[in-house]
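Visitor: Encoded as structure tokens, here's the structure I'll be asking about.
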Amino acid sequence: MSPSSFIRVDGLHKNFGETPVLRGVDLGVKKGESVFIIGRSGCGKSTLLRCLNGLETFDLGRIHVGGVQIQMSSGSRVPERQIRELRKNFGMVFQSFNLFPHLTVLENAIKAPMVVKGLSRAEAEAVAVPFLEKVGLKNQLLSFPHQISGGQQQRAAIARALAMNPKVMLYDEPTSALDPFLVDEVFQVMRNLGEEGMTQIVVTHEHRFAQEAADTVIFMEEGVVVEAGPAEQIFSAPTDERTRQFLRRYS
Ligand SMILES: Nc1ncnc2c1ncn2[C@@H]1O[C@H](COP(=O)(O)OP(=O)(O)O)[C@@H](O)[C@H]1O
Ligand SMILES: [Mg+2]
């Protein structure tokens, strides 16, 4: 694993009850890298993202993000303070948009900066509005989520996450709930962010987009990383038979 990694995960194990879901995940993510995670449903992709940003605890192993490290071994207490520190690094975008339905696009984006960071409304707007404009929602600031398309909602969710100035963006199947013709507008926003140097970890079944936008692709199966490498290598010349089988079936 490269010493220049901003994120390092070593030997991550996570069980739900008796069921092992992550069984020793190792990975590294460098600053500015766009890492795409592919793999079958149920292989642990969402759980991995959720462990990274502290939405789930884990049982064994180590997560290192910037200067924050969380190490768990049997009997470790959950380090609440470090988990809060860990979480500050991440913005997360989910499949189902997760906008507050009773708040406008603008209010959605200024809520956390005001509540969590204690910014005034004017300060929060000064931070959030440029991100909303950047994702193409300049004219939808006062719309409610139900008044805009799924693609616009997902772009609003991205801007809302950016308004907290995360160092890393996590996306969990960000286009899976969208009509196919709305997928590209969301990908375009993610592509632009990647080109501007945002560090991104993207779980997706959209292999064509992964192929085009990923610096690194990680193939997971049954709770482990089977293979990681440059997109062209993973998609054109995977070295592991399990990766080959998966791509034959799902590409
Ligand atoms: N909160 C939970 N409680 C129990 N089992 C869970 C929970 N979340 C996920 N799982 C199980 O863990 C496995 C991995 O799930 P997940 O990380 O969501 O996979 P993926 O995102 O790759 O589809 C699945 O078998 C799933 O049923
Ligand atoms: Mg998932």
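Visitor: At a Cα cut-off below 13 Å, give the aspartates and glutamates reachable from LYS30, other chains included and same-chain residues fewer than 8 away excluded.
Guide: ASP215
Visitor: Right, another one. With axes computed from alpha carbons, what is the tilt in degrees of helix 180-195 against the longest principal axis of the chain, rounded to the nearest 10 within 0 to 90?
Guide: Result, in degrees: 80.
Visitor: Also, quick follow-up: Can you say what percent of the DSSP beta bridges in the chain, counting only those with both residues inside, are antiparallel? Round to 5.
Guide: Expressed as a percentage, antiparallel bridges in the chain total about 60.
Visitor: What residues qualify as long-range amide H neighbours of GLY24, i.e. H under 5 Å apart, gap of 5 or more or another chain, H built at 1.01 Å from N?
Guide: Placed amide hydrogens put LEU12, HIS13, LYS14 under 5 Å from GLY24.
Visitor: Let me ask something else. Which of the trypsin sites (Lys or Arg not before Pro) found in segment 84-136 are in a DSSP loop and have at most 15 neighbouring Cβ atoms, other than their own, within 10 Å?
Guide: Here the sparse-neighbourhood loop sites are LYS117.
Visitor: A further question on this structure: Using amide H atoms built 1.01 Å from N in the peptide plane, name the residues 5+ places from ILE37, or on other chains, whose amide H lies under 5 Å from its own.
Guide: Amide H neighbours of ILE37: VAL202, VAL203, THR204, ILE218.
Visitor: Note the full-extension length gain between GLN233 and ARG208 as 0.36 nm times their separation in residues minus their Cα-Cα distance, in nm to one decimal.
Guide: Length difference between fully extended and current span is 7.6 nm.
Visitor: Ok, one more. Could you sort out which of LYS88/LYS111; LYS117/LYS138; LYS31/LYS117; LYS111/LYS167 sit more than 22 Å apart by Cα distance in this structure?
Guide: Flagged as over cut-off: LYS117/LYS138; LYS31/LYS117.
Visitor: Can I ask one more? For segment 85-125 and segment 12-27, what is the centre-to-centre distance using only Cα atoms, to the nearest Å?
Guide: Cα centres, segment 85-125 to segment 12-27: 30 Å.
Visitor: Have a look at VAL21, VAL226, VAL115 and tell me which one the Gaussian network model of the chain (Cα, springs below 10 Å) gives the largest fluctuation.
Guide: So, out of VAL21, VAL226, VAL115, the one fluctuating most is VAL115.
Visitor: At 222 nm, what helix-only mean residue ellipticity would the chain give, in deg cm²/dmol to the nearest 500, using -39500 (n - 2.57) for each DSSP H run of four or more?
Guide: Estimated from H runs of four or more residues: -11000 deg cm²/dmol.
Visitor: Let me ask something else. Debye sum, Cα scatterers, segment 90-158, no solvent: what log₁₀ I/I(0) at q = 0.11, 0.15, 0.24 1/Å?
Guide: For segment 90-158, the Cα-only Debye profile gives -0.22, -0.42, -1.09.
Bear in mind these aren't lab numbers, they're just calculated from the coordinates by the rules spelled out. Small disclaimer: the values here were computed from a predicted structure and weren't measured. Please note: Cβ atoms are built from the backbone with ideal geometry, for glycine as well, and neighbour counts cover all protein chains shown.
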